[in-house]
Amino acid sequence: MKAIRTRGGLSFRLDVRTAVVVAVLIVAALVASVVLIGTGDFYIPTADVVRTLLGNGDAGQEFIINDLRLPRVLVGLLVGAALGLGGAIFQSISRNPLGSPDILGLGQGSTAGALIMIVLFQGSAVQVAGGALVGGLVTGFAIYVLAWKRGVHGFRFVLVGIGVSAFVTAVNGYLLTKADIVDAARAVVWMTGSLNGRDWEQVWPLLVLCAILVPLVMTYARPLRMLEMGDDVGYALGVPVERTRIVLMGSAVLLTAAATAAAGPVSFVALTAPQLARRLTRSPGPNLLPAMFMGATLLIVADWASQRAFGADQLPVGVVTGVLGGIYLLWLLVIERKAGRI
Amino acid sequence: MKARATMDKQPTDPHTSESTDRQERAAVNRLVADDVTLGYDQRVIAEKLSVEIPDNSFTVIVGPNACGKSTLLRALSRMLKPSAGRVLLDGNVIQSMPAKKVARTLGLLPQSSIAPDGITVGDLVARGRYPHQGLLRQWSAQDERIVGESMASTGVAELADRYVDELSGGQRQRVWIAMALAQQTPLLLLDEPTTFLDIQHQIDVLDLCADLHEEQGRTLVAVLHDLNHAARYATHLIALRDGEVVAEGAPSDIVTRELVRDTFGMECQIIDDPQTGTPLVVPAARRVREKSAAGAGSAGAGAAGAEGTEAAGASAKAAT
Amino acid sequence: MLVDSPPEASAETTPAPPKRRAIRSAGLLVSFCVLLLVVVASIAVGAKQMPLDQVWHGLFQDTGTYGDVVVGERLSRTLLGVLVGVALGLAGAVLQALTRNPLADPGLLGINLGASAAVVTAISFFGVTSLSGYVWFAFFGAAVVGAAVYALGGTRNATPIRLALAGTALSAALYGYLQAVMITDNAALNKMRFWTVGSLASAKNETILQVLPFLVIGIVLALGLARPLNAMAMGDDTARALGAHLNRTRALSMAAATLLCGAATAACGPIMFVGLMVPHVVRSFTGPDMRWILPYAAILSPVLLLGADVVGRIVARPAELQVGIITALIGAPVFIFLVRRRRLAQL
């Protein structure tokens, strides 16, 4: 922990370890991105990738990289970052590592929106994304309203989320049985979460949203940290408790829903990224920035792993994050149980 | 100022003059609950309750379970919005004040506080500086100094780098008090600060509160369970029952057998605390209480019970 | 009037005052009659309406006419519905008592996804295609996950939230696996999307016979646990002080719940919330005595399940809405209502 003070009266506290972790994660995400851009049916050496990205590549590689692979990787980075940040906010607000969007049913809500577009309207990719966005937002809003009772209490929030999740899952199950097999297969691929075939159309909206929401969330990071000590302490310290929660929860729902709309409900990134980030920084508090970069890194590495292990575009990235995340989740449960938490 | 306006309008109405009188005093004392009705959902805990916290006092609120003492404290610290009436801080309705401004005037040690996983004592206490900080002024030299002082005055300075999870209950409570101190508020509210602590830690914490009051001149308001602790440490005592003030004043003036019977429904005897001279409540012996319970309804038995207590009191006095 | 109260108070130790007991017994009888009505409705209502005389003909003077065949099929379906309903209701009641958790439910505890994961494995890797083949896999999966959830969240100092979270976490992990298989195997997807919603439509006598032994053992076990579970309700220490065998009761309860849920899920796919809702409703008028909760739950759960099944046949006629979807659509709001109503100290 280091204090930085300027003569003009500005002062900050810098956790050196956290800063190092963030720096390392950024580097890791960039390196993984470059490697991922080179990976695929047509292999491109890393040096060529870097050269092309800097604008000095040959025309063929430029097309493959700038038009096909770069947008896909950018979508991956943005989706990972949005999920990591959204997950960190949710876990901090519910004061529970399992209070993440995966378990609260936001993903299921987005899925319901997407399934309605796929199954009932045979919608285009854009319509499916729109459906997912609306579905996620409606679900987030419903959970908040249903869990609200003189404030939102962490446990009630999680349990209401589980209930909403079950309800939406039933709707999804029904929609799947209504679909013909072609639509059903398309739906299941979407439900797994995938970066295949993502292009600039997905990048821009996500980028704009993140550019607005990330700074907004960061200005609320300090009140959020105070809220971790309980609502009463929050009030005592002069935190506008409900406003902080509404702004942050709204941002988190938007981030998660937008990420889901772009890539499908990639499972477990929102759950694991904040937890891993916290273990790396060894710092209490929401760890928003580390969680965000951890999410981006995780998703890119998982996508690279699935391409290396199963061949290009064979297995969607969501399967890899799902299986890895599931194992991690079980480990978490055992550990937390030993520590007497949860 | 508003008070004056009402007075000018109807100077003759006895009710108004009484309430303006109260508001006059409100201008004197910094923290006042004025005619508040408190409750959760439909359940009303207290109606038309008026309480003043004398400046520079160590005020203790006592009463049986569910008498509304914690509810009153929550209202005084604006965590509970009264459904009628108002809580005034320095003459302003507390809900209408900016949250950070209140937090710089009025500190609170709540019952339910959560130490985040893996936080150190120093970090936790530092979080008490939040109301004094801004986006661009997050950790000034002054913040650092005050955090150090707060830890020193609560005796947790040497624990600064330890994790809060590792501490004992008594140490942890001191850390939370240090955090509330770092807030640097002239008023400090404590909700049952001694619950779940061993007796020596209870006394520790109360001694600390007394120091804060006497040496730093802060106004303290605490909810306490133990009547004897209250009588020993408080400079001003408020006894509540069923959401109503039964008595308030200096402990030596108001702690009587009748008060304990009215408030707690228990027969007792009051003697002088041999250490401090403050009132000490000694519950009546079982034999005496049974007698008075058996004869409940008939005045004679009650008197006999009282007589018995008196006699016991006399012998106790003789013994000392 | 006041004279009544001393005997009332002293009757605490005896089962129940005779009057209340009579009312409860009568209630049980009424519930049973309601069940009979629902059973008749379940046989009569469907894509093809059966007049009552035709139902009678099919049941007792089976001559193999088209109507008789339909009645026969619906009879299997109804029978399975009754059995599964009884199983889910009892399992829910036992789990709630065992974990002292009003929110415990086989669906929330991950047992459903355990069965689902095992079934998808059977279809995709072992090439099992018939329903009677799934049964064993589903049963095995349910049992393993039931034990795992209990081990993770249900033993010492179990809190409602921990159990629910352990179940949800395991479900989430299994869901990842389920999707990985379904995405790579279209045939599995095609079977699973119908199996996972929970339906009575494919009921066959064969299936019933397969799960019947487990259900019977489970039902007997559950009903026999009323007394020890009553003792457990007051907390481990009190129960021990009262002379209850804690570990034996826990193990038997878990075994009963797993047998019941596993067999029910194996027979007709995962059905959510029946086990949660019915014991709750029952408790609101019987109080906490398991000796009344269990029989009531056993009779009213099939009423709910068959009722939902009949509704599912009516609302989407001539197609059907699977019973699992209807129960979840009714059950989730009830769950949220319970969570909201409960004081959080208890959560």
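Could you say which residue among B:ALA182, B:ALA210 is at pLDDT 90 or above and surrounded by fewer than 19 Cβ atoms within 10 Å (Cβ to Cβ)?
B:ALA210
Of the residues A:GLY105, A:GLY109, only one is touching a residue at least 40 places away in the same chain (Cβ under 8 Å), touching a Phe, Trp or Tyr at 6+ places or on another chain (Cβ under 9 Å), of a type outside the set (D, E, K, R) and under 17 Å from A:THR260 (Cα atoms); which?
Residue meeting the stated conditions: A:GLY105.
Take the residues in segment B:105-118 that are facing another protein chain (nearest Cβ under 7 Å), touching a residue at least 40 places away in the same chain (Cβ under 8 Å) and closer than 12 Å to A:ALA236 by Cβ, then tell me which one is surrounded by the fewest Cβ atoms within 10 Å (Cβ to Cβ).
B:SER113
I want to confirm something. Restricting to segment A:168-183 and keeping residues that are at the interface with chain C (Cβ under 7 Å from one of its Cβ atoms) and without any contact (Cβ under 8 Å) to a residue 60 or more places away in the chain, which single residue is surrounded by the most Cβ atoms within 10 Å (Cβ to Cβ)?
Among those that are at the interface with chain C (Cβ under 7 Å from one of its Cβ atoms) and without any contact (Cβ under 8 Å) to a residue 60 or more places away in the chain, it is A:ALA170.
Restricting to segment A:18-52, count the residues that are surrounded by 14 or more Cβ atoms within 10 Å (Cβ to Cβ) and either assigned to a strand (DSSP E or B) or in contact with a helix residue (DSSP H, G or I) (Cβ under 7 Å, 6 or more places away or on another chain) (or both).
Counting residues in segment A:18-52 that are surrounded by 14 or more Cβ atoms within 10 Å (Cβ to Cβ) and either assigned to a strand (DSSP E or B) or in contact with a helix residue (DSSP H, G or I) (Cβ under 7 Å, 6 or more places away or on another chain) (or both) gives 21.
With respect to A:ARG150, determine if the residue is on the phi > 0 side of the Ramachandran plot and not in a helix (DSSP H, G or I).
Yes; evaluated as a whole, the condition is true for this residue.
What residue, among those in segment B:271-287 that are within 16 Å of B:ARG257 (Cα to Cα), over 23 Å from the mean Cα position of the chain (by Cα) and in a loop (DSSP other than H, G, I, E, B), is modelled with the lowest pLDDT?
So the residue we want is B:ALA285.
Here is a list of conditions, (1) in contact (Cβ under 8 Å) with a residue 24 or more places away in the chain; (2) more than 9 Å from chain C (Cβ to nearest Cβ); (3) over 21 Å from A:GLY295 (Cβ atoms), and A:ILE162 meets all of them except one; can you say which number that is?
Unmet condition: (2).
Given (1) more than 19 Å from the chain's Cα centre (by Cα); (2) within 14 Å of chain B (Cβ to nearest Cβ); (3) crowded, with 21+ Cβ neighbours inside 10 Å, identify the lone condition not met by A:LEU224.
(1) is the only condition that A:LEU224 fails.
Of all the helices (runs of 4 or more DSSP H) wholly in segment A:237-336, which have at least 3 residues that are touching a Phe, Trp or Tyr at 6+ places or on another chain (Cβ under 9 Å) and within 20 Å of A:GLN108 (Cβ to Cβ)?
Of the helices (runs of 4 or more DSSP H) lying wholly inside segment A:237-336, those with at least 3 residues that are touching a Phe, Trp or Tyr at 6+ places or on another chain (Cβ under 9 Å) and within 20 Å of A:GLN108 (Cβ to Cβ) span A:241-263, A:269-281.
Kindly provide the set of residues from segment A:211-228 that are outside any helix (DSSP H, G or I) and charged (D, E, K, R), ordered by number.
Hit for segment A:211-228 is A:GLU228, nothing else.
Of the residues B:VAL125, B:VAL102, B:VAL87, which is among the β-branched types (Val, Ile, Thr) and in a strand (DSSP E or B)?
Being among the β-branched types (Val, Ile, Thr) and in a strand (DSSP E or B) holds for just one of B:VAL125, B:VAL102, B:VAL87, which is B:VAL87.
Buried (at least 16 other Cβ atoms within 10 Å of the Cβ) and either assigned by TED's automatic domain parsing to the domain that holds B:GLU47 or under 12 Å from B:LYS69 (Cβ atoms) (or both): is that true of B:GLY217 in this structure?
no
Does any residue of segment B:152-161 turn out to be free of Cβ contacts under 8 Å to residues at least 60 places away in the same chain, within 14 Å of chain A (Cβ to nearest Cβ) and more than 18 Å from the chain's Cα centre (by Cα)?
yes
Given the structure, is B:LYS48 more than 14 Å from chain A (Cβ to nearest Cβ) and without any contact (Cβ under 8 Å) to a residue 60 or more places away in the chain?
Criteria met by B:LYS48.
Residues being crowded, with 24+ Cβ neighbours inside 10 Å and part of a helix (DSSP H, G or I): count how many of those fall in segment B:220-229.
1
Report every pair of residues separated by at least 6 positions or lying on different chains whose Cβ atoms are under 6 Å apart, first residue within segment C:307-327 and surrounded by fewer than 15 Cβ atoms within 10 Å (Cβ to Cβ), second not aromatic (Phe, Trp, Tyr) and not in a helix (DSSP H, G or I).
Listed pairs, sorted by first residue: C:VAL315/C:LEU321; C:PRO318/C:ALA47.
Output the residues belonging to segment A:85-117 that are at positive phi and either charged (D, E, K, R) or in a helix (DSSP H, G or I) (or both).
A:ARG95
Does C:LEU189 meet the test of being within 14 Å of chain A (Cβ to nearest Cβ), modelled with pLDDT of 80 or more and part of a helix (DSSP H, G or I)?
yes
Tally up the residues in segment A:271-312 that are polar (S, T, N, Q), closer than 27 Å to A:GLY230 by Cβ and more than 14 Å from chain B (Cβ to nearest Cβ), please.
Total meeting the criteria: 1.
Please work out if B:LEU187 is at pLDDT 90 or above, closer than 14 Å to B:LEU212 by Cβ, more than 9 Å from every other protein chain (Cβ to nearest Cβ) and buried (at least 19 other Cβ atoms within 10 Å of the Cβ).
Yes, satisfied.
Among the numbered criteria (1) more than 8 Å from chain A (Cβ to nearest Cβ); (2) in contact with a Phe, Trp or Tyr (Cβ under 9 Å, 6 or more places away or on another chain); (3) in a helix (DSSP H, G or I), which one does B:LEU80 miss?
Single failed check for B:LEU80: (3).
Does A:SER92 count as without any contact (Cβ under 8 Å) to a residue 60 or more places away in the chain, more than 13 Å from chain C (Cβ to nearest Cβ) and small (Gly, Ala, Ser)?
So A:SER92 does not fit the description; no.
Would you mind stating whether B:ARG137 is more than 22 Å from B:SER77 (Cβ to Cβ), over 23 Å from the mean Cα position of the chain (by Cα), within 14 Å of chain A (Cβ to nearest Cβ) and touching a residue at least 24 places away in the same chain (Cβ under 8 Å)?
No.
May I ask you to list the residues in segment C:269-289 that are within 14 Å of chain A (Cβ to nearest Cβ), in contact with a Ser or Thr (Cβ under 6 Å, 6 or more places away or on another chain) and in a helix (DSSP H, G or I)?
Scanning segment C:269-289 gives a single hit, C:VAL274.
Do the conditions hold for B:GLU144, that is, is it modelled with pLDDT of 85 or more, under 27 Å from B:ALA210 (Cβ atoms), outside any loop (DSSP other than H, G, I, E, B) and among the acidic types (Asp, Glu)?
No.
The values are calculated or read from the model by the stated rules, or taken from the named source; none is laboratory data. What you see is a predicted model; the values in this text were computed from it and never measured. Note: ideal-geometry Cβ built from the backbone for every residue, glycine included; neighbour counts use all protein chains shown.
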